[in-house]
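Have a look at the structure below, then the notes.
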Amino acid sequence: MKIAGLWNNHDCSFCVLEDGKPIVHAELERYIREKEPKGDSFKLFKEVLPDTEIDEWITAEGCFDKEEGTLDEPYYTIGHHQAHAANAFYSSNLDESLIITLDGGGIDQGNWTATTIWKGQGNKLYPYKIIPKDQLNIGNIWSRVTEQVFGLSTGHPRGHSAGTVMAVTCLGDKNRYYNEFSSNPYGFCDSWHLRNEKDDEQSRYDVAAALQEWTETKIKEVITYALEWYPTKNLCLAGGVALNCVMTTKLYDWFDFENIYVTPTPHDGGLCIGAAQFLWHHELDNPRIKWEDDFTPYLGQLYSKDIVLDTLKKYDSKIVVNGATDDDVLQLLDEQNIISVFGGGSESGRRALGNRSILADPRSPKMKDMINKKVKHRQWFRPFAPSILREEVKNWFQKDIESPYMNFAVPFKPEMKEKVPAVSHLDGTGRIQTVTENNNKWYYNFIKKWFNISGVPIVLNTSFNDREPIVETPEDAIKCYLKTNIDYLYFYEFDLLIKKKV
């Protein structure tokens, strides 16, 4: 049985489940090369999978509101946060869990909310509290600070820059603005443009630190309240606020959770997945699926060798194509080259996890600044992620936790931090990706070989893009490679290594 989930609003996307397992998840931004667009997800489905027959269709409330393009088939509709909660719970391996969703707002049962509380048990999802949007809206406050204090984008076409704000929270004084901020965050944000401090960089850092502190305080209050209703050792999170990896990591210190799970698609691009999962499990009463080791994020289209070779021929005048093995590429990495990799299905969500990644040597003290300046063209303080063999986390970090989708910023052990300066953030943490052979066989074995060469079970990993969405097609990959100072492009499935012509 095939179920298709649709979502038309910002982060427009669709997914298809076959017998409860996802076989494809396509996000419109990857195809039009603009971040967080609205669009017609049904049209996208017909373009990407023109010959696929679907048994049931489902979406979340708000999908077709004021949008061009509607589904010409009968379909189910569930709540916005209901879909977030379903995506969080059914993508986990937890038999039961408390579920919290936090974002900038969505419609559930005809009402606007930005914060909800749920319980997952077996294959069922139960609501507990839907908090009205005007009572708590953490996502909206982050958007206001991002735009009004930092002057950064908060949506289409450049995407939401909340991650940039989060990156500087460790540079600020959380106490300077906290009382003013917590007493009326909307008023504080709205009045900021009148302040003399607007052009003062340190003041902006202090606002970011106060915002992070306020966010953490509010989330602690919500979870404390929820645990009084449903005491448990398990927590699932979804909604855009769940991308705050500084906060998610601290939850292990604040509460007695044994497992904290954040879906790879906590943003609205995951609503189509969650809606389809809810229909399969909760409504149709099908049993849970056991993921080994984790729910796969590699749900983009697959591209054959013929497609890759035909694309490369179009750029004969600009590139040289050679055969290569992983061993050849590892040597280039050791020689301080920056290498982009392409293979398998693209990653769903906001993080590149080895299939559409830029890789580099984490031991280099110069590498972080080099990639930020010459490849990513972004602020000097933006961090890069350490992809690490799962079994080595306990040897390098202060918490031995699962983080397959880069959703936790874990403190390095002091003696290890200096060994990998390119992936250590200013506060001594790393937004880790834990890699297992079941999750990504090629990437796991590549890092394992790198460990043998370098003595470090970590590679620097950042998304294969330059201010636009993560690359989707072979052509996207070549175009991005040619316009940046990436040294090589490696199609690892087909042992093809690309270098620019001099």
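Structural remarks
- Electrostatic dipole magnitude of the stretch 305-500 [Cβ: Lys, Arg +1; Asp, Glu -1; Cα centre; debye, to 20]: 720 debye
- From the coordinates shown, Kirkwood radius over Cα pairs in Å corresponds to which of [x] 27.8; [y] 23.1; [z] 26.5: [y]
- Per-residue ³J(HN,Hα) for the stretch 416-433, Karplus 6.51 cos²θ - 1.76 cosθ + 1.60, θ = phi - 60°, Hz, x for Gly and Pro: 9, 4, 5, 7, 9, x, 6, 10, 9, 6, 4, 9, x, 9, x, 7, 7, 10
- Taking amide H as placed 1.01 Å from N in the peptide plane, SER348 has its amide H under 5 Å from the amide H of TYR298, LEU299, GLY300, each at least 5 places away in sequence or on another chain.
- Residue (of TYR492, TRP118, THR232) at the positive-pole extreme of the chain, dipole from beta-carbon charges: TYR492
- Farthest towards the positive end of the charge dipole of the stretch 305-500, among the residues ALA477, PHE408, ILE388, is the Cα of PHE408, using unit charges on the Cβ of Lys, Arg, Asp and Glu.
- Note on the chain: helix-only mean residue ellipticity at 222 nm, from DSSP H runs of 4+ residues weighted -39500 (n - 2.57) and normalised by residue number, equals -8500 deg cm²/dmol.
- Relative contact order, percent, the chain [alpha-carbon distance under 8 Å, six or more residues apart]: 16 percent
- Rounded to whole Hz, the Karplus (6.51, -1.76, 1.60) HN-Hα couplings of the stretch 459-464, x for glycine and proline: 10, 6, 10, 9, 5, 7
- Size of electric dipole in the chain: Cβ of Lys, Arg +1 and of Asp, Glu -1, about Cα centre, debye, nearest 20: 1560 debye
- Remark: for residue pairs LYS366/LYS441; LYS21/LYS250; LYS413/LYS448; LYS220/LYS399; LYS174/LYS368; LYS479/LYS500, the C-alpha separation exceeds 23 Å in LYS366/LYS441; LYS21/LYS250; LYS174/LYS368.
- Under 5 Å, built H, 5+ apart or other chain: amide partners of LEU152: GLU147
Since every read-out is calculated from the coordinates, none of them should be taken as a lab result. This one's a predicted model, so the numbers in the text were calculated from it and none came from an experiment. Positions of Cβ are backbone-derived with ideal geometry, glycine not excepted, and every protein chain shown enters the neighbour counts.
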